[in-house]
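Each remark here refers to the structure printed beneath this line.
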Amino acid sequence: MAWHAIATLHYVASRSNGADVTRDFIVGLMRYLSVAPASTEAVRYAASLPMADFEDAMQVAAARACGAEHIVTRNFSDFERSPIPAVTPQEALAQLR
């Protein structure tokens, strides 16, 4: 999981669940997920990508940093210019079976 995505998750979830409950959820979630390494080089790489949305480019940089083969997203079209291919959640689940 990209480092910056955790902040977004916290922001969205805490609005309906409260900050403490959301924080506990995120800590528990980390038993199942790893956070991709973040670095200055990763930000520079994201900035060099030919993608319209910088946050999407940061997702690509995070995927690259952890050696991901795919980016799983519902916004498939946002990653058309990504050097790491995007797949839908359904496609990702099918590949895991």
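The values are calculated or read from the model by the stated rules, or taken from the named source; none is laboratory data. Remember, it's a predicted structure, so these values are computed and weren't measured experimentally. No Cβ is skipped: glycine too gets one built from the backbone with ideal geometry, and neighbour counts run over all protein chains shown. Surface accessibility is based on the protein's heavy atoms, side chains included, excluding ligands, DNA and RNA. Shrake-Rupley method; radii C 1.70, N 1.55, O 1.52, S 1.80 Å.
Summed over the range 55-90, residues that are over 22 Å from S39 (Cβ atoms) and either among the hydroxyl-bearing types (S, T, Y) or open to solvent by less than 40 Å² (accessible area, probe 1.4 Å) (or both) total 5.
Taken together, the criteria place R31 among residues that are more than 20 Å from T73 (Cα to Cα), free of Cβ contacts under 8 Å to residues at least 12 places away in the same chain and within 17 Å of the chain's Cα centre (by Cα). Within the range 1-54, if we keep just the residues that are of a type in the set (S, T, N, Q) and in a helix (DSSP H, G or I), the residue that is surrounded by the most Cβ atoms within 10 Å (Cβ to Cβ) turns out to be T22.
The residue that is modelled with the highest pLDDT, among those in the range 64-97 that are of a type in the set (K, R) and outside any helix (DSSP H, G or I), is R81.
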